[in-house]
Amino acid sequence: MTAVGIDAVEIWTGKLRLDLPGTFAPAEGEDPEKYTKGLGLETSSFPDAYEDIVTMGANAAKRLIDRKGLDPQEIGRIDVATESAFDNSKPVSTYIAGCLEQVYDDDFHHANKGERKFACLAGTQAIDDAYNWIRAGRNRGRAALVVATDTALYARGDPGEATQGAGAVAMLVTEDPSVVELSTEQGYGSADETDFLKPNQQFPSVDGKRSMQVYLARMREALTDFESVAWDAHPDDFAYTPFHTPFPGMVRKAGLLGYRHMIRDTEIEDALEGRIGRQPREEAHEDREAYEEAIRGYMDELKGTEEYRSWYGDVIGPTLDISRRVGNWYTGSVHLARMSALRHAADNDVDLAGRKLLVASYGSGAQAEIHAETVVDGWREEVEATNLDDQLARRYDLSYEEYEGVHDRHNHDMDVEMEEFTRPDGEFVFTGWGRMSERKYDYVE
């Protein structure tokens with residue numbers, strides 16, 4: 001069976017930068033370590049005055065198409081995943097295709113276009129759609145372009161404000177890919193939840209404590225479901241485990257939960273038994289409450305062991321580097337985590353070809369998906385071809401007052417003019433509104 005997976009990845013980060021411990025924390029009267037140690041964040045990315053989800057997505061897509069030397073006729077579908085859309089009818093993919101048609105001789109009129117929505121999970125769902133389209137033989141030899149693009153803003157003063165971010169990840173899904181081959185096995189955990197939602201509003205309503213609980217519960221269900229159709233996962237099976245990363249602190253909890261699950265009834269649990277005992281078994285406790293209390297105690301002990309700390313440092317830690325510097329990109333988050341892991345491997349001359357990743361995606365509302373990916377020959381060249389480091393280094397450093405203006409500029413309920421902080425160069429830009437209140441875009445040489 002021919003392999004199907006991700007052939008190329010490009011990233012476009014918002015051009016503005018907010019220093020969380022150095023700028024945001026002092027202005028908010030907060031301890032800087034609340035952000036660096038608690039949340040695990042250093043800086044956030046924001047869009048300049050002429051940037052939005054369309055420009056960031058189109059710019060990432062153009063870089064990918066140009067680098068791969070593609071013609072529009074070679075792309076048969078364009079799917080955009082976002083939870084920052086500004087139109088309830090017209091999909092963002094049509095805007096992005098319209099931008100791209102400004103710079104190529106050919107068009108995308110033949111391409112199927114859509115928009116995926118399931119909070120932060122939608123990017124992975126769009127990849128699944130592309131995979132299934134190719135597997136079904138409906139692609140006619142063409143590739144799928146998947147773009148995850150978001151401006152993740154919270155209301156001013158909301159506890160989630162520090163986790164904000166903006167950017168886009170463009171991915172090409174093809175046969176015989178050059179980055180990762182997707183597994184056919186997937187695991188799901190899904191339930192009707194109200195942990196995070198946007199009922200006809202731009203900024204989310206969030207129950208923070210509940211959101212964490214739901215995230216962990218759905219991840220546990222998805223891992224169990226994955227194992228039911230694949231194999232019993234073991235910590236040594238995967239070179240890296242990229243998680244959906246709204247902020248790195250949340251992944252610390254998910255990583256510990258996953259490790260505990262995977263070591264159950266293994267030689268690792270046997271080796272730990274003399275120091276922290278075996279994992280509590282529910283049948284050995286009077287009720288669920290007593291069992292859960294015992295589990296919490298075991299996990300407190302487990303996270304201090306050298307075995308867990310070493311595994312986390314090797315398998316989870318490298319996936320968090322990009323997110324620490326850009327914040328939450330919603331639908332792009334887990335795909336940043338994958339790229340962060342691959343960049344770490346390339347920088348440290350790790351031979352990844354043939355090794356597996358366990359990718360754990362999540363969307364509030366709520367659903368988790370877990371699947372495996374096998375890294376293939378060509379991954380290093382693809383990773384090293386991206387220019388993310390240059391983009392991060394060029395970001396304009398915002399003062400707190402400038403950040404307030406940027407937030408107002410991108411608030412859909414406010415009409416705020418703002419001078420740009422950076423100069424567009426070889427990219428798509430937002431230029432204003434058309435006769436039906438549609439957003440308009442041009443390419444700036």
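Each value in this text was obtained by applying a stated rule to the coordinates, not by laboratory testing. Note that this is a predicted model, so its numbers are computed, not measured. Reconstructed Cβ throughout: ideal geometry from the backbone, glycine too, with neighbour counts over all protein chains shown.
Under the 0.36 nm per residue contour assumption, what length would be gained going from the current alpha-carbon distance of ASN411 and LYS440 to full extension?
Values: separation 29, 0.36 × 29 = 10.44 nm, distance 1.75 nm.
Length gained, ASN411 through LYS440: 8.7 nm.
First check a/c for segment 78-187, with a ≥ b ≥ c the square roots of the eigenvalues of its C-alpha gyration tensor; if it is under 1.5, answer rounded, and if not, answer prolate when a/b is larger than b/c or oblate otherwise.
Numbers: a/c = 2.25, a/b = 1.39, b/c = 1.61.
In terms of gyration-tensor shape, oblate.
Net charge near GLY365, counting Lys/Arg +1 and Asp/Glu -1 over other residues with Cβ under 14 Å of its Cβ? Kindly include the intermediate steps, with their values, before the conclusion.
On the way: positive: ARG116, LYS117, LYS198, ARG210, ARG218; negative: GLU83, ASP192, GLU193, ASP195, ASP207, GLU369.
Computed value for this residue: -1.
Please state the relative contact order of segment 4-444 as a whole percent: Cα pairs under 8 Å, 6+ residues apart? Could you put the intermediate results ahead of the total?
On the way: 912 pairs, mean separation 111.3, N = 441.
The value is 25 percent.
Of all the C-alpha pairs in segment 99-151, what % are more than 19 Å from each other?
Values: 522 of 1378 pairs.
Counting pairs separated by more than 19 Å, the tail of P(r) holds 38 percent.
What spacing in nm lies between the two simple spin-label points modelled at THR184 and ASP270, each 7 Å away from Cα in the Cβ direction?
Placing both labels 7 Å along Cα→Cβ, they lie 3.3 nm apart.
Show me the ranking of peptides 209-218, 233-242 by mean Cβ neighbours inside 10 Å, starting with the highest.
Averaged packing, sorted descending, gives the order 233-242, 209-218.
Considering all projection directions equally, how large on average is the shadow of the alpha-carbon convex hull of segment 118-174, in square nanometres? Mind dumping the intermediate values first?
Numbers: hull surface 17.4 nm².
The orientation-averaged projected area of the Cα hull of segment 118-174 comes to 4.4 nm².
Can you give the convex hull volume per residue for the Cα atoms of segment 397-445, as a whole number of Å³?
On the way: hull volume 4.2 nm³, N = 49.
Residue-normalised Cα hull volume stands at 86 Å³.
Percent antiparallel among DSSP beta bridges with both residues in the chain, to the nearest 5? Mind dumping the intermediate values first?
Details: 48 of 65 bridges.
If we restrict to bridges inside the chain, about 75 percent are antiparallel.
Between GLU404 and ARG309, what length in nm is gained on full extension when 0.36 nm per residue of separation is reduced by their alpha carbon distance? Write out the running numbers ahead of the final one.
Numbers: separation 95, 0.36 × 95 = 34.20 nm, distance 3.88 nm.
Full extension of this stretch gives 30.3 nm more.
Under 4 °C and 1.567 mPa s, how fast does segment 336-445 diffuse according to Stokes-Einstein, given a Kirkwood radius computed over C-alpha pairs? Answer in µm²/s, whole number.
Details: Rh = 18.4 Å.
Result for D is 71 µm²/s.
May I ask you to compute the full-extension gain from LEU197 to ALA217, defined as 0.36 nm times their residue separation minus their alpha-carbon distance, rounded to one decimal in nm?
Additional length available on full extension: 5.4 nm.
Label ASN348 and LYS209 with points 7 Å out from Cα along Cα→Cβ: what is the distance between them in nm?
So the two model labels end up 3.7 nm from each other.
Please compute the net charge surrounding PHE108, taking Lys and Arg as +1 and Asp and Glu as -1 over other residues with Cβ under 13 Å from its Cβ. Write down the numbers at each step before the final one.
Values: positive: LYS62, ARG77, LYS113, ARG142; negative: ASP71, GLU74, ASP79, GLU101, ASP105, ASP106, ASP107.
Result for the neighbourhood of PHE108: -3.
Kindly rank 85-94, 41-50 from highest to lowest mean number of other beta carbons found within 10 Å of each residue.
Details: 85-94: 16.5, 41-50: 24.0.
Averaged packing, sorted descending, gives the order 41-50, 85-94.
How are the alpha carbon pair distances in segment 74-115 distributed across 5 Å bins from zero to the largest one, expressed in percent?
Bins of 5 Å from zero give 5, 25, 31, 21, 13, 5, 0 percent of pairs.
Mind checking the alpha-carbon convex hull of the chain and giving the volume per residue in Å³? Intermediate values should be presented prior to the final figure.
Values: hull volume 65.9 nm³, N = 445.
With only Cα atoms used, the chain gives 148 Å³ per residue.
Of all the Cα-Cα pairs you can form in segment 310-385, what percent are over 20 Å apart?
Values: 899 of 2850 pairs.
Counting pairs separated by more than 20 Å, the tail of P(r) holds 32 percent.
For a quick protection proxy, order the peptides 167-178, 292-303, 413-424 by their average other-Cβ count within 10 Å, most packed first. Could the numbers behind the result be given before it?
Numbers: 167-178: 25.1, 292-303: 15.0, 413-424: 11.7.
Descending mean neighbour count gives 167-178, 292-303, 413-424.
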